[in-house]
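Notes to accompany the following structure.
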Amino acid sequence: MITDLVTSLRLNVDELCETHMDSAETAYSVDGQAIIERNTGMVPGLIAQLRESAAGGQSGGSGGSAQNARSPIAVGMWSLLNEITIAAEGESIRLRMGIYDGPERNIRAWANAAQQFPHEVEKCLAQTDKWIEQINELLNPPRRWEINHPCPNCQERFVIRQVDGEPTKTAALTVTKDEAACRACNATWPPTDYQALAEHMGIVT
């Protein structure tokens, strides 16, 4: 069991700190038919990707980078990067590994030291799992579509929501890759129901 945990931890550290192989899907339409293309290639570690995205992908000083740094998602990226940096330094100090320059080196030091203790491996694995999830959510926020049709459950078509402090009329139904939901009645549907929902609303036949 501990061997499996150590392997998972090493994979997490590679994903966070090292250039690694990754796959991404690109969706597009050809003659009205949805096409999903899967591409695989080498990408930087997630922390490096987070750092680059927070800076706007530019090497300091440009107007575009400064503007990006003020955006809410960039603030979230800098906040998470700072949180990871401080936490990784703390764990490295706790295990008497010293402090290294950059979160990647401190995470690697923590993971290497953790392998001497089963309970420490579990802690390090859980934390790196969390960081991977948090970074992916910021780098790849879920796409949400609004559907301009009445909800099959409550028949509401629109709701009034506060957007930038102003009451705004928006669609009741929203769809992501994970679920469809109604903002009016809070009903939800899994992706397996999407075809039936579309037929019910007359979107497809």
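The values are calculated or read from the model by the stated rules, or taken from the named source; none is laboratory data. Just so it is clear, the structure is predicted and the values come from calculations on it, not from any experiment. Every residue, glycine among them, receives a Cβ derived from its backbone with ideal geometry; neighbour counts consider all protein chains shown. What goes into the accessible areas is simple: the full protein's heavy atoms, side chains included, and nothing from ligands, DNA or RNA. Shrake-Rupley method; radii C 1.70, N 1.55, O 1.52, S 1.80 Å.
Here's the yes/no breakdown for (1) loosely packed, with under 10 Cβ neighbours inside 10 Å; (2) at pLDDT below 80; (3) among the charged types (D, E, K, R):
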| residue | (1), (2), (3) |
| --- | --- |
| G32 | yes, yes, no |
| A48 | no, no, no |
| Q58 | no, yes, no |
| S65 | no, yes, no |
Query raised in the report: If you take the residues in region 147-183 that are within 25 Å of the chain's Cα centre (by Cα) and open to solvent by 100 Å² or more (accessible area, probe 1.4 Å), which one is nearest to G76 (Cα to Cα)?
Result: D164
Report summary line: Picking from Q116, Q155, the residue that is assigned to a loop (DSSP other than H, G, I, E, B), without any contact (Cβ under 8 Å) to a residue 60 or more places away in the chain, on the phi > 0 side of the Ramachandran plot and not small (G, A, S) would be Q155
Query raised in the report: Going by the structure shown, is V75 under 25 Å from Q127 (Cβ atoms), surrounded by 10 or more Cβ atoms within 10 Å (Cβ to Cβ) and modelled with pLDDT under 90?
Result: yes
Query raised in the report: Within region 128-179, how many residues turn out to be of a type in the set (D, E, K, R) and more than 19 Å from P191 (Cα to Cα)?
Result: 10
Report task. Mind listing just one residue for me: the one in region 132-146 that is of a type outside the set (D, E) and open to solvent by 90 Å² or more (accessible area, probe 1.4 Å) and, of those, nearest to the chain's Cα centre (by Cα)? Result -> N140
Query - Flag for T170 being of a type in the set (S, T, N, Q) and at pLDDT 90 or above - result: no
Query - Test: A69 is modelled with pLDDT under 90 and surrounded by 13 or more Cβ atoms within 10 Å (Cβ to Cβ) - result: yes
Requested in this report: Quickly run through region 158-192 and pick out the residues that are assigned to a loop (DSSP other than H, G, I, E, B) and closer than 14 Å to R144 by Cβ.
Outcome: A172, T176, K177, D178, E179, R183
Query raised in the report: Among the listed residues D193, D129, which satisfies the condition of being surrounded by 11 or more Cβ atoms within 10 Å (Cβ to Cβ) and within 21 Å of L46 (Cβ to Cβ)?
Result: D129
Report summary line: Restricting region 87-112 to residues that are over 28 Å from the mean Cα position of the chain (by Cα) and assigned to a helix (DSSP H, G or I), the one modelled with the highest pLDDT turns out to be R94
